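Below you'll find the structure, written out as structure tokens, and then a few comments.
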Amino acid sequence: AVPFLICLFPSVLLTKFVYLNFLAFPFFVDFRRPELLVNNTINLHLTTEPGITVGIWHTVPGSRGAEAQGKDQRWYEEALADAHPVIIYLHGNGGTR
């Protein structure tokens, strides 16, 4: 049955198995609330082009951890605009962030 399904729906099946975007591991974790998993982190969304929105996590370094405690999204956005370097980590094509 598997070869037959691959012949009928090659792009759909291959996309699902290559990107695995239907899996969320670890299970039962709300990735929209990264502060529960990683210290000094907030969930943001960037619009890269019309109709395309990318979810990101912004994590400030541990040296600014005390300063980040209890801050809102606006503070994190302003922290992105300061003179400190920004490191972008692209996790690959499998799973979730």
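Which entry is the computed log10 I(q)/I(0) by the Debye sum over Cα atoms at q = 0.12, 0.13, 0.14, 0.17 Å⁻¹ for this structure: (i) -0.55, -0.62, -0.69, -0.90; (ii) -0.45, -0.52, -0.59, -0.80; (iii) -0.36, -0.42, -0.49, -0.70?
For log10 I(q)/I(0) by the Debye sum over Cα atoms at q = 0.12, 0.13, 0.14, 0.17 Å⁻¹, the calculated option is (i).
In deg cm²/dmol and to the nearest 500, what is the mean residue ellipticity at 222 nm of the chain if only DSSP H runs of at least 4 residues count, each as -39500 (n - 2.57), divided by the residue total?
Theoretical 222 nm ellipticity from helices: -7500 deg cm²/dmol.
Going by amide H atoms built from the backbone, whose H comes under 5 Å of the H on I56, apart from near neighbours?
Counting only residues 5 or more places away or on other chains, the set is L44, H45, L46.
Taking θ = phi - 60°, what integer Hz values does the Karplus form 6.51 cos²θ - 1.76 cosθ + 1.60 yield along region 29-39, in sequence order, with x for Gly and Pro?
These are the phi-based 3J(HN,Hα) values: 10, 8, 6, 7, 10, x, 4, 7, 10, 10, 5 Hz.
Coordinate-derived values only; no laboratory data. Here the structure is a predicted model, which is why all the values come from computation and not from measurement.
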